[in-house]
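Everything on this sheet refers to the single structure shown next.
The values are calculated or read from the model by the stated rules, or taken from the named source; none is laboratory data. Everything numeric here is computed off the predicted structure, so don't read it as measured data. When we count neighbours, we look across all protein chains shown, and the Cβ atoms used for this are built from the backbone with ideal geometry, even at glycine. The area values use the complete protein model at the heavy-atom level, side chains included, leaving out ligands, DNA and RNA. Shrake-Rupley method; radii C 1.70, N 1.55, O 1.52, S 1.80 Å.
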Amino acid sequence: MNNKIRGRQTKDGIRIFDTTEFDGMHVAGALAAQILDDIAPHVVPGQATEVLDKLINDMVDGADAKSATIGYKGYQHASCISVNHVVCHGIPGSKTLKDGDILNIDVTVIVDGWYGDTSRMYVAGQLGRKAERLIQVTHDALMKGIEVVRPGNTFGDIGHAIQSYVEAHRMSVVRDFCGHGLGRVFHAPPNVLHYGRPGTGPRLEEGMFFTIEPMVNLGRPETKTLADDWTAVTRDKSLSAQFEHSIGVAADGCEIFTLSPGGKFHPTYGE
Ligand code: MF3
Ligand code: CO
Ligand code: CO
């Protein structure tokens, strides 16, 4: 069998994509990001998270794409919506948003077989001071991680950039969940840790596709999963935030597949 056709992977099982394969990821990533832009005006006090999920599902359908999360390990929704102390994998439901609630909306779509996975933070109504600081630090921590993505650096460099930034702001990085390789599958090697030591872990190579998706808590890093087997919350009930981009390693840095078309990635942008 010809390895060039089957595709190359590193000794750590990380797939290396060729330059033509970036295009498919840009299309999928742009749709996921567009959906996150378009849901923003619907995030208001009194809104039920299941209504947000229904709108997202309709947007995916309307784009002739597929939701990657519906049917994934039994998950039944087009988004994860994680409110306040929910760290990730919040299940959309009938509970309504209150003024000042912060929430992460995470959407993964499949377009032509390629996966676009992104999440960002929103606020219902008025953003509180502590929540604003948490959201700002989490956003900036993701960008600090992305800044060190280039061939020759390592996955440990990404984790270190994120962890040192977050901890300098006296917040904590969740250890129980990580980013992941993706491409024509949802979750592939490697596990992308959001903490670590410089120079450790697999080396970054041009053509690797993965997510970086740090979860940051105002309190301690420990999480627990509720009886629904999905919802992860902070053990100490402190507020948690997350941002996620899908990216590809380029010759001289990286390409972000899930940039916001409307420049709305951060909740205080574009208002
Ligand atoms: N989108 C999530 C991630 O960033 C995974 C959600 S899986 C689900 O990897 F089943 F909970 F939707
Ligand atoms: Co992801
Ligand atoms: Co995601």
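Selection of the range 229-252 for residues being farther than 11 Å from CYS88 by Cα, more than 11 Å from ligand 1 (Cβ to nearest atom) and not polar (S, T, N, Q) yields ARG235, ASP236, LYS237, LEU239, ILE247, GLY248, VAL249, ALA250, ALA251, ASP252. Taking residues in the range 117-130 that are touching a residue at least 40 places away in the same chain (Cβ under 8 Å) and within 16 Å of THR258 (Cα to Cα), and partners anywhere that are within 13 Å of ligand 3 (Cβ to nearest atom) and open to solvent by 10 Å² or more (accessible area, probe 1.4 Å), the pairs with Cβ atoms closer than 7 Å and at least 6 places apart or on different chains are SER119/ASP106; SER119/GLU213. Taken over the range 54-104, the criterion of being touching a Pro at 6+ places or on another chain (Cβ under 9 Å), of a type in the set (A, V, I, L, M) and near ligand 1 (Cβ under 10 Å from one of its atoms) is satisfied by ALA78 alone.
Of all residue pairs spaced 6 or more apart or on separate chains, those with beta-carbon atoms under 8 Å, a first member in the range 229-252 that is on the phi > 0 side of the Ramachandran plot and a second member that is open to solvent by 10 Å² or more (accessible area, probe 1.4 Å) are LYS237/HIS85; LYS237/GLY219.
One line per residue, one yes/no per condition, for (1) basic (Lys, Arg); (2) modelled with pLDDT under 95; (3) under 19 Å from VAL149 (Cβ atoms):
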| residue | (1), (2), (3) |
| --- | --- |
| MET171 | no, no, no |
| LEU193 | no, no, yes |
| GLU222 | no, no, no |
| ALA227 | no, no, no |
| ILE247 | no, no, yes |
| ASP252 | no, no, yes |
| THR268 | no, yes, no |
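Examine the range 135-155 for a residue that is within 19 Å of SER246 (Cβ to Cβ) and acidic (Asp, Glu), and state whether such a residue exists. Yes, the range 135-155 contains a residue that is within 19 Å of SER246 (Cβ to Cβ) and acidic (Asp, Glu).
Kindly state which strands (runs of 3 or more DSSP E) lie completely within the range 151-222 and contain at least 3 residues that are open to solvent by 10 Å² or more (accessible area, probe 1.4 Å).
188-192
Would you call ASP99 at pLDDT 95 or above, in a helix (DSSP H, G or I) and open to solvent by 30 Å² or more (accessible area, probe 1.4 Å)? No, not satisfied. Within the range 131-147, the set of residues being more than 13 Å from HIS266 (Cα to Cα), open to solvent by 20 Å² or more (accessible area, probe 1.4 Å) and in contact with a strand residue (DSSP E or B) (Cβ under 9 Å, 6 or more places away or on another chain) comprises just one member, GLU147. Looking across the range 194-222, the residues that are under 25 Å from ALA241 (Cβ atoms) and more than 16 Å from ligand 3 (Cβ to nearest atom) come down to TYR195, GLY196, ARG197, PRO198, GLY201, ASN217, LEU218, GLY219, ARG220, PRO221, GLU222. State whether one or more residues within the range 86-94 are over 20 Å from the mean Cα position of the chain (by Cα) and either over 30 Å from ARG133 (Cβ atoms) or open to solvent by 10 Å² or more (accessible area, probe 1.4 Å) (or both). Taking every residue of the range 86-94 in turn, at least one turns out to be over 20 Å from the mean Cα position of the chain (by Cα) and either over 30 Å from ARG133 (Cβ atoms) or open to solvent by 10 Å² or more (accessible area, probe 1.4 Å) (or both). Out of all the residues in the range 82-96, which are more than 15 Å from ligand 2 (Cβ to nearest atom) and in a strand (DSSP E or B)? Answer for the range 82-96, where residues must be more than 15 Å from ligand 2 (Cβ to nearest atom) and in a strand (DSSP E or B): VAL83, VAL86, THR96. Answer yes or no: is there a residue in the range 43-54 that is part of a helix (DSSP H, G or I), within 16 Å of ligand 2 (Cβ to nearest atom) and within 24 Å of TYR115 (Cβ to Cβ). No, because not a single residue in the range 43-54 is part of a helix (DSSP H, G or I), within 16 Å of ligand 2 (Cβ to nearest atom) and within 24 Å of TYR115 (Cβ to Cβ). I need a count of the residues in the range 108-130 that are away from ligand 3 (no atom under 16 Å from the Cβ) and open to solvent by less than 10 Å² (accessible area, probe 1.4 Å). So the answer is 1. I want to confirm something. Restricting to the range 253-271 and keeping residues that are open to solvent by 10 Å² or more (accessible area, probe 1.4 Å) and within 16 Å of ligand 1 (Cβ to nearest atom), which single residue is nearest to VAL192 (Cα to Cα)? Checking each candidate, the answer is ILE256.
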